[in-house]
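Each remark here refers to the structure printed beneath this line.
The values are calculated or read from the model by the stated rules, or taken from the named source; none is laboratory data. Just so it is clear, the structure is predicted and the values come from calculations on it, not from any experiment. No Cβ is skipped: glycine too gets one built from the backbone with ideal geometry, and neighbour counts run over all protein chains shown. Just so you know, the surface numbers come from the protein's heavy atoms only, side chains and all, with ligands and any DNA or RNA stripped out. Shrake-Rupley method; radii C 1.70, N 1.55, O 1.52, S 1.80 Å.
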Amino acid sequence: MRAPISIVIPTLNAQDALPGCLAALMEGLESGLIRELIVSDGGSQDTTGAIAQAWGATVLHGPASRGGQLRRGCAAAQADWLLVVHADTQLQPGWTKAVGAHLNHPERAGWCSLRFDQGGMAARVVAGWANLRSLFGLPYGDQGLLISARLYAETGGFADVPLMEDVAMARALRGRLTRLDVVAQTSAEKYVRQGWVTRGARNLWTLTRYLSGADPATLAAAYRR
């Protein structure tokens, strides 16, 4: 019997973060849950591809657009379930128990509780807001997504957009999302570099503009600036 899950990871110059992400996933390989690792790269100029291949992943190449990268990765997946994880996110030990139990519920997609890899009040507040937002149907990509291939197909899959592909997917899954008893620990590097308040405010403003109908490409250009 084949393992039930394809792991899909979008990458772009992720050589520093990717090994930790992949190491955390080995628990799933050892427990017989993972059929394949798919890394969908957006044109990395570092050793991301070589690292992924060394860990046994299939590496796909294409334009740098996270929605497009995820769409390509999921299209190539062969398992009955997809587990989408960002390269700077590490599922915490014991995640296979909750993920394995969720495989009995193909009608629902699962997300993980967010935690940052650096402590402090600001980190706890931002993570708390993210987890509260998720309870109301808006988990972000750094919280992971476990979804059956059938349900993924029903939603139309990830939109080929450079930003907000995770929000678009969450909206398509409205009423069919559930919290997994899993912690996804993600990098706080961008928050530390830009400032917790500044980064958080930018994210909230970008979400507000998207929900108001702004074009994702326009939002992505502003976000990069």
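When you go through SER113, SER134 one by one, which is the residue that is open to solvent by less than 70 Å² (accessible area, probe 1.4 Å), in contact (Cβ under 8 Å) with a residue 24 or more places away in the chain and assigned to a strand (DSSP E or B)? Only one candidate qualifies: SER113.
Scanning the stretch 170-215 for residues that are in contact with a Gly (Cβ under 8 Å, 6 or more places away or on another chain), buried (at least 16 other Cβ atoms within 10 Å of the Cβ) and assigned to a helix (DSSP H, G or I) gives ALA170, ALA172, TYR191. Scanning the stretch 23-74 for residues that are of a type in the set (S, T, N, Q), crowded, with 20+ Cβ neighbours inside 10 Å and within 19 Å of LEU146 (Cβ to Cβ) turns up SER40, GLN69. Taking the criterion of being in contact with an Asp or Glu (Cβ under 9 Å, 6 or more places away or on another chain) and farther than 15 Å from GLY110 by Cα, the residues of the stretch 131-160 that qualify are PHE158, ALA159. Give me the pairs: first residue in the stretch 19-47 and over 14 Å from ALA57 (Cα atoms), second residue small (Gly, Ala, Ser) and assigned to a helix (DSSP H, G or I), beta-carbon distance under 7 Å, and six or more apart or on different chains, which are they? That search, which allows pairs on different chains as well, returns LEU33/GLY100. In the stretch 7-14, the count of residues that are modelled with pLDDT of 95 or more, touching a Pro at 6+ places or on another chain (Cβ under 9 Å) and open to solvent by 10 Å² or more (accessible area, probe 1.4 Å) is zero.
A count restricted to the stretch 111-154 and to residues that are farther than 17 Å from ASP88 by Cβ, among the aromatic types (Phe, Trp, Tyr) and in contact with a Lys or Arg (Cβ under 7 Å, 6 or more places away or on another chain) stands at 0.
With respect to the stated conditions, THR96 is among the polar types (S, T, N, Q), crowded, with 17+ Cβ neighbours inside 10 Å and more than 26 Å from ARG202 (Cα to Cα). Selection of the stretch 161-177 for residues being at pLDDT 95 or above and farther than 17 Å from SER212 by Cβ yields GLU165, ASP166, MET169, ALA172, LEU173, ARG174, GLY175, ARG176, LEU177. Just one of (1) under 16 Å from the mean Cα position of the chain (by Cα); (2) outside any helix (DSSP H, G or I) fails for VAL99. It is (2).
Residue by residue through the stretch 143-154, note down the ones that are surrounded by fewer than 20 Cβ atoms within 10 Å (Cβ to Cβ) and within 19 Å of ILE7 (Cβ to Cβ). Spell out the reasoning first.
Applying the first criterion (surrounded by fewer than 20 Cβ atoms within 10 Å (Cβ to Cβ)) to the stretch 143-154 yields 149-151, 153-154.
Passing the criteria: ALA149, ARG150, LEU151, ALA153.
Does the stretch 1-47 hold any residues that are of a type in the set (Asp, Glu), farther than 15 Å from LEU91 by Cβ and outside any strand (DSSP E or B), and which are they? First the steps, then the outcome.
From the stretch 1-47, those of a type in the set (Asp, Glu) are 16, 27, 30, 36, 41, 46; that's our starting set.
Narrowing further to those that are farther than 15 Å from LEU91 by Cβ: 16, 36, 41, 46.
Answer for the stretch 1-47, where residues must be of a type in the set (Asp, Glu), farther than 15 Å from LEU91 by Cβ and outside any strand (DSSP E or B): ASP16, ASP46.
Per-residue answers, yes or no, for (1) out of contact with any strand residue (DSSP E or B) (no Cβ under 9 Å at 6 or more places or on another chain); (2) within 14 Å of ARG71 (Cα to Cα):
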{"position": "ASN104", "(1), (2)": "yes, no"}
{"position": "GLY110", "(1), (2)": "no, no"}
{"position": "LEU114", "(1), (2)": "no, no"}
{"position": "MET121", "(1), (2)": "yes, no"}
{"position": "MET164", "(1), (2)": "yes, yes"}
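Among the residues of the stretch 155-165, are any surrounded by 13 or more Cβ atoms within 10 Å (Cβ to Cβ), outside any loop (DSSP other than H, G, I, E, B), touching a Lys or Arg at 6+ places or on another chain (Cβ under 8 Å) and not hydroxyl-bearing (Ser, Thr, Tyr)? Break it down into steps so the answer makes sense when it comes.
Narrowing the stretch 155-165 to residues surrounded by 13 or more Cβ atoms within 10 Å (Cβ to Cβ): 155, 157-165.
Pick out the ones that are also outside any loop (DSSP other than H, G, I, E, B) and you get 155, 165.
Imposing the further condition that a residue be touching a Lys or Arg at 6+ places or on another chain (Cβ under 8 Å) reduces the set to 165.
Pick out the ones that are also not hydroxyl-bearing (Ser, Thr, Tyr) and you get 165.
Yes, that holds for at least one residue.
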